[in-house]
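J.: First the structure, which I've put down as C-alpha cells, then a few questions once you've had a look.
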2 protein chains.
Amino acid sequence: MLARNRVIDTVRQVYESYGFVPLQTPAVEFLEVLSNSAGEEAQKQLFFVQTQDREALALRFDLTVPLARVIMQHPDLPRPFRRYQVSPVWRFDKPAKGRYREFTQFDIDAVGVESEVGDAEIIACMCDTLKALNVGPYQVRISSRALLNLLLDYAAIPQDRGIDVFRVLDKLEKIGIDNVRRELTTGYVYSGDNIRGVGLRTSQLERIEEFLAIRSNHRGDVLHQLRGLFEHVHGATEAIDVVERISTILDEMGCSDDQVVLDLSIARGLSYYTGPVFEAVLLDAPQFGSVFGGGRYDDLTLRFGGERIPATGASLGVDRLLDAMEHLGRLGTHKATARVLIANMDASLTLDYVTFARELREAGIPTELYLGMERSIGRQLKYADQCNVPLVLIYGSNEKANGTVTIKDMFAGRQQAVGTAKRGEWLATRSGQHLVPRHELVTSVRRLLDEINGVY
Amino acid sequence: MLARNRVIDTVRQVYESYGFVPLQTPAVEFLEVLSNSAGEEAQKQLFFVQTQDREALALRFDLTVPLARVIMQHPDLPRPFRRYQVSPVWRFDKPAKGRYREFTQFDIDAVGVESEVGDAEIIACMCDTLKALNVGPYQVRISSRALLNLLLDYAAIPQDRGIDVFRVLDKLEKIGIDNVRRELTTGYVYSGDNIRGVGLRTSQLERIEEFLAIRSNHRGDVLHQLRGLFEHVHGATEAIDVVERISTILDEMGCSDDQVVLDLSIARGLSYYTGPVFEAVLLDAPQFGSVFGGGRYDDLTLRFGGERIPATGASLGVDRLLDAMEHLGRLGTHKATARVLIANMDASLTLDYVTFARELREAGIPTELYLGMERSIGRQLKYADQCNVPLVLIYGSNEKANGTVTIKDMFAGRQQAVGTAKRGEWLATRSGQHLVPRHELVTSVRRLLDEINGVY
C-alpha cells in the first residue's frame, strides 16, 4: 500500500502537470447506463447491486462510461473537459496474477477535443508518467483505426466486418501469427474449444500480412512504407497525414522513436475507438501485457442519445503496473511509516515516552510508541524488525538516571547513547501555533536517519 | 475534488506521523461477514451484490468490520497492528446534506493495544488532524463506557438495559433534554411517530440528571465531581483513575482543556464500544454534528468467534467534514490544476505552442494547451476564466514576428509582453535524464505566479 500510494501520487502529479482536473463518480451506477455501453462480454462480468428500493443497479466496470454519463448529465461543464479519475472498477472475471475482480484504473480523458494535438498530448502524458514512475525501459505503441480502415479497403473487406478482424489482430502478440491466420480464415481448435474463423479469402489474408509486415523502429519509415502500400487506396493521404502530424508533435514533445513506435498490429479490440489507438508496455516485463491502453472515441456519447462529442484518453491499469514493477524490483520495500519506535519498558516512564514521541512528531519524524502486550525489550525489538522501523529508542530507569537515551539502528545493528537535555533551541511546530524546546534527541535521530537514507 | 484531495493528503500525513500504516480492503465482502457484525439498522441499509456465481455478497458499510475480518484471517500480522484506511462505504439511507449513500471514511485503529495510552494517542491524533486541516476552533469530547456503567449502578438500572439508555443519551444534543426525559421514561409522540420509552422510574431519571449536570471546561473539575457523585459506587475509583490517566497523558501531548473536554453526555450509540469513547465537533459549525467518532472496542473479534483482541480507534467522516469546511469558507476555491493556459490562435504555430507547454511543464508549472473548438481569443479567455486558470499565454503571428509572448493575468486583468529568447541557462527536468534550454518565458511566468499567490 505504501508503494501503491507513492505510485498514485506520482501519476497524479504528472496528470496535473498537463492541467487535467480530478473527477470522482459513485461506484454504483444505474444498470441501464452500464448496459447501454457494455459489450456482451462486459454484461456477463457485471456485479449487480440491489437495495431495499429494488432499483436495477450495478458496479461500474470502467471509468469511461461513467465519464460519458457525467458529460451528458452536466452540459454546463467546461469544454474541453479534461479530467483524471483514479478509482476501483469491478469485473466478474477469472482472477489471475495482474487480473483481479476489483482493480484500480487511473484514467485521463480530454472530452470536446477534435484536434490530433489532443491525441499527441495523451501519448506524451503516458510517456511522462512511465518516466516519472521509473519503470525502466518502456514503449508506447500507437496505431490508428483510420489506418486499419484503409487496410479493409486495400484487402477488399467490407467496413462492417472491421471490428471482427481487429479483434483477431489484437491477439497477435498473445496467440502468434499462425493462429491469427487460422482465426482470420477457417477457424481452429484451441484447448478443445472451437474458435470460429472470420472467413477471409487467402488473397485478403495476404494483403493483411503485407500490412503487418511493415515494422520499423522509426516512425518515419513506417509512414513511408504505408504511403507506398496504400498508394491507390482512396483517402489514404489524409489518414496518413494525421498520423504523421501526431508523430511530428511527439518529436517536439520530446517523445523520440525509442519511446513511441508506430505499431500496425495494435488494434485495441474495443468497438468504441474511432481514431488513433495507443498502448504501453514495460520492455523488461512484457509478460504483464499493456499497462496503459487508450485511444480516440468520438462517438461514445451518441450511445446515450446525445450529440457527437469528440474525445480521446488513456487508462492506466494500476494493479497490473504494480505487479510488473514488483516483479522488476522497482517498487521499494518500505513497510513502515514510522522511522522511530519508542520501546516501552517501564510504565512509570510513560510521560517521558509520550514527550519523546510528541517532540519527534513535531519535528516531522513519524514515530510510534510501542503499546503492545510484550514487556521484554527483545520482543519489542523483534516487532520493530518485523515492521521495518529503522530506529528504536531505549529508555529505562538507568537511562533516566544518566539523562540519556539509547538509539538502536536496526539495519546496522549498532546502538549509541545520546543526551536528553534540552538545548534551549526553539522550533516551530507543524501548525506554527506554539513553540517547543528541542531535545538533543531530535537532532541525533535526524542525523542517524539521514545516514540510513544515504546507505540504504 | 481538489480540496478533497488536499484534505485527504493532510490527514494521511498526520496519521503517518503517528506511525499508522495504510491498509486497503475490497469494497465487496461476504454478506455473512457483514451480517455478523451489523446491528439491525445496518442490516436494513445494506447494498446487496450479486454476480453470476450467486454468492451472497454486499458492499461494506464501515471500515471497522473489514478490519476485524482481516485481523481474524491473517493471524501473522504484526501486533499491535496500527492501520489507517481511507475508503468509501455504502449505506442505503435517506440522503441529506452531509449524509450520502456512498461516503468516505478515514479511519485509524490500533489493534492489540490494551493500554489507555493507546486511547490517548488516538485522541491526540484527532486533535493534530483538525489542527493541520485548519478547520478553526474544534473540540474533542471524551467520555467512557466505564463511567456510564457506574451511572447504571448509581441509578439502579440493570447493566443489560445500558445500551437502550445510552442510545437515548446520545441524542441529547439533537432532541434536547425534555425529549430525552420523555424517552427515558414513558415515551412520546414525535412528528406523528410513537417513540417508545425506556420505562425508567423518576428516581432513576433524577440520578441520570445529576450525572449529566456535571459539566465543566476543566477535565480536572469533572473528574473531581465524578469522584464525589460515585463515592459509594463499587469500582468507581478504578474507572475514574483510567480517565484521569488519559487526561494527564493528553496534557503531556499538548492537548489542553480547550481542545479536549470530558463530556459525560457522549455515549456513542454503537453497541460495540467497551471503554473510552470520543467524538469531535467544529465549534463554528456544530450543526454538522461530529466529524470524528471513535472509541475502544475490545470485544469486536469475539463476534467472529475469535480470541478477544483489545482495540481502539476513530473514524473521520470525510464528506461531512468537507461540507462543514465549505460552509466555513475554509476549503479553498481552486478549480484548476493548470496555472497557465496557452491560447490556440493559429494552427501553423502548433509546434511553438507545444514547445511552450513542454518547457513550462518541465519547469514544474502545470500547463494546459487549449484544444477545444473555439477559435476566437475572447472565447478562449472565457474558458480560462470558467476553469479558474490564472495566466493565459497569447502568441500569434505578430508575437512570433516580434519574438514575444503576451501573458495575461486573469485575476488582475493586466497583460504584459515578454521575450521568448532562450537564455542559454540549463535546467534539470523532472526525470533528471536530460537538460533543456530555459525560455525567458518560464522565468516570467514563475514570477507572475509568485505575485498572484502573494495576493490571492
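J.: Calculate the mean, over all residues of peptide B:359-372, of how many other protein chain Cβ atoms lie within 10 angstrom of the residue's Cβ.
T.: Per-residue shielding by partner chains comes out at 5.
J.: Any aspartates and glutamates with Cα under 14 Å of the B:LYS400 Cα? List them, leaving off those in the same chain fewer than 8 positions away.
T.: Partners found: B:ASP346, B:ASP352.
J.: For every helix of n ≥ 4 consecutive DSSP H residues, a contribution of -39,500 (n - 2.57) applies; sum these over chain A, divide by its total residues, and give [θ] at 222 nm rounded to the nearest 500 deg cm²/dmol. All intermediate terms of the calculation are to be shown ahead of the outcome.
T.: On the way: 16 runs with 181 residues, N = 456.
Here the helix-only value at 222 nm equals -12000 deg cm²/dmol.
J.: Trypsin sites (Lys or Arg not before Pro) within segment B:323-366: which are DSSP loop residues with at most 12 other Cβ atoms inside 10 Å? Don't skip to the answer; put the middle values down first.
T.: Numbers: sites: B:ARG330, B:LYS335, B:ARG339, B:ARG358, B:ARG361; in loops: B:ARG330, B:LYS335, B:ARG339.
Hits after loop and neighbour filter: nothing returned.
J.: Continuing with this model, one more query. Using a cut-off of 22 Å between alpha-carbon atoms, which lysines can reach B:LYS174, once sequence neighbours fewer than 8 places away in the same chain are excluded?
T.: Result set, ordered by chain and number: B:LYS94, B:LYS97.
J.: Return the loop-located trypsin sites (Lys or Arg not before Pro) in segment B:5-95 (DSSP other than H, G, I, E, B) with at most 13 other Cβ atoms within 10 Å of their own Cβ; answer none if there are none.
T.: Answer by residue number: B:ARG54.
J.: Under the Karplus relation 6.51 cos²θ - 1.76 cosθ + 1.60, θ = phi - 60°, what is the ordered set of whole-Hz ³J(HN,Hα) values for segment B:123-129, x standing for Gly and Pro?
T.: 5, 5, 5, 4, 4, 4, 5
J.: How high is the relative contact order of segment A:260-315, given as a whole-number percent (alpha carbon pairs under 8 Å, six or more residues apart)?
T.: The value is 28 percent.
J.: Checking a compactness column here: for segment A:345-385, what do you get for Rg(Cα) / (2.2 N^0.38 Å), N being the number of residues?
T.: Ratio of Rg to 2.2 N^0.38 Å for segment A:345-385: 1.23.
J.: Can you run phi through the Karplus equation (6.51, -1.76, 1.60; θ = phi - 60°) for segment A:212-226 and list ³J(HN,Hα) in whole Hz, with x for Gly and Pro?
T.: For segment A:212-226, the Karplus curve yields 5, 6, 6, 9, 7, 7, 10, 4, x, 4, 4, 4, 4, 5, 4 Hz.
J.: Let me ask you something else. Rounded to a whole number of µm²/s, how large is the Stokes-Einstein D of segment A:57-190 at 20 °C and 1.002 mPa s, given Rh as the Kirkwood radius over C-alpha pairs?
T.: Details: Rh = 18.5 Å.
The Stokes-Einstein estimate is 116 µm²/s.
J.: May I ask for the net charge around B:HIS224, where only other residues with Cβ less than 14 Å from the Cβ of B:HIS224 are counted and Lys, Arg are +1 while Asp, Glu are -1?
T.: -2
J.: Could you tell me the center-to-center distance, by alpha carbons, between segment B:21-89 and segment A:86-132 in angstrom?
T.: 28 Å
J.: What's the extension gain from A:ASP284 to A:LYS94 if we count 0.36 nm per residue and subtract their Cα-Cα distance?
T.: Taking 0.36 nm per residue and subtracting the Cα distance, the gain is 65.8 nm.
J.: If R₀ is 22 angstrom, what is the calculated FRET efficiency for the pair A:SER203 and A:ASP299, using the beta carbon separation as r and rounding to 0.05?
T.: 0.10
J.: Is there a quick way to get the dipole size of the protein assembly as shown? I mean about its Cα centre, with the Cβ of Lys and Arg at +1 and of Asp and Glu at -1; what is the value in debye to the nearest 20?
T.: 200 debye
J.: A further question on this structure: Along the charge dipole of chain A, which of A:ALA96, A:THR186, A:ALA155 sits closest to the positive end, that is, farthest toward it, with unit charges on the beta carbon of Lys, Arg, Asp and Glu (+1, +1, -1, -1)?
T.: Farthest towards the positive pole: A:ALA96.
J.: Once the dipole of segment A:334-379 is set up with Lys and Arg at +1 and Asp and Glu at -1 on Cβ about the Cα centre, which of A:GLY378, A:ALA343, A:ALA357 lies farthest towards its positive end?
T.: Of the options given, the answer is A:GLY378.
J.: What translational D, rounded to a whole number of µm²/s, comes out for chain A from Stokes-Einstein when the hydrodynamic radius is the Kirkwood one over Cα pairs, at 20 °C and 1.002 mPa s?
T.: 82 µm²/s
J.: Ok, one more. Tell me, what HN-Hα J-couplings in whole Hz come from the Karplus equation 6.51 cos²θ - 1.76 cosθ + 1.60 at θ = phi - 60° for each residue of segment A:286-298, using x for Gly and Pro?
T.: x, 5, 7, x, 7, 8, 10, x, x, x, 8, 9, 8
J.: Another one. Give me the percent relative contact order of chain A, please, defined on Cα pairs under 8 angstrom at least 6 residues apart.
T.: 14 percent
J.: Continuing with this model, one more query. Scanning chain A for GluC sites (Glu not before Pro) in DSSP loops with at most 13 other Cβ atoms within 10 Å, what's the longest stretch left with none?
T.: A:56-230
J.: Taking 0.36 nm per residue of sequence separation and subtracting the Cα-Cα distance, how much length would be gained by fully extending the chain between A:VAL189 and A:THR237, in nm to one decimal?
T.: 13.3 nm
J.: On the first, second and third principal axes, largest extent first, how far apart are the outermost C-alpha atoms of the protein assembly as shown in Å?
T.: 103, 62, 56
J.: Between copies, how close do the A:ASN5 label points come, placed 7 Å along Cα→Cβ, listed in nm from shortest?
T.: Reported distances to equivalent positions: 1.7 nm.
J.: Cut-off is 10 Å between beta-carbons; in what order do B:ILE177, B:ILE8 appear when sorted fewest neighbours first?
T.: The order, fewest Cβ neighbours first, is B:ILE177, B:ILE8.
J.: Tell me, how many Å apart are the Cα centres for segment A:196-215 and for segment A:332-399?
T.: Centre-to-centre (Cα) distance: 67 Å.
J.: Per-residue Cβ counts within 10 Å, from other chains only, averaged over A:249-259: what number is that?
T.: 3
J.: OK, next. Which residue, chosen from A:PHE211, B:GLY176, A:ASN388, occupies the Cα position most advanced towards the positive end of the dipole of the protein assembly as shown, where the dipole is computed from +1 (Lys, Arg) and -1 (Asp, Glu) charges on Cβ about the Cα centre?
T.: Working it through, the farthest residue towards the positive pole turns out to be A:ASN388.
J.: Would you list, by chain and number, the lysines whose Cα falls below 18 Å from the Cα of A:LYS335, excluding same-chain residues fewer than 8 positions away?
T.: Leaving aside lysines fewer than 8 places away in the same chain, those within reach of A:LYS335 are A:LYS382.
J.: Once the Cα gyration tensor of segment A:304-395 is diagonalised, what are the square roots of 5 times its eigenvalues, in whole Å and ordered largest first, as equivalent ellipsoid semi-axes?
T.: Semi-axis lengths for segment A:304-395 are 45, 18, 11 Å.
J.: Follow-up question, since we're still on this one. Size of the dipole of segment B:140-206 about the Cα centre, Lys and Arg at +1 and Asp and Glu at -1 on the beta carbon, nothing else charged, in debye to 20? Intermediate results must be reported in sequence, preceding the final value.
T.: Values: 10 positive and 9 negative charges, 14 e Å.
Computed about the Cα centre, the dipole is about 60 debye.
J.: Using +1 on the beta carbon of Lys and Arg, -1 on that of Asp and Glu, and nothing else charged, what's the dipole of segment B:25-171 about the Cα centre, debye to 20?
T.: Here segment B:25-171 has a charge dipole of around 560 debye.
J.: How large is log10 I(q)/I(0) at q = 0.18, 0.24, 0.30 Å⁻¹ when the Debye formula is applied to the Cα atoms of segment B:152-197, each weighted equally and without solvent?
T.: Taking Cα atoms of segment B:152-197 as identical point scatterers yields -0.55, -0.89, -1.15.
J.: OK, next. What does the charge add up to near B:TYR18, with Lys and Arg as +1, Asp and Glu as -1, over the other residues with Cβ less than 9 Å from its Cβ?
T.: Net charge around B:TYR18: -2.
Values quoted throughout were computed directly from the atomic coordinates according to the rules given, and no laboratory measurement underlies them. Note that the coordinates shown come from a computational prediction; the quantities given were computed from them, not determined experimentally. Methodologically, a virtual Cβ is constructed for each residue, glycine included, from the backbone with ideal geometry; neighbour enumeration extends over all protein chains shown.
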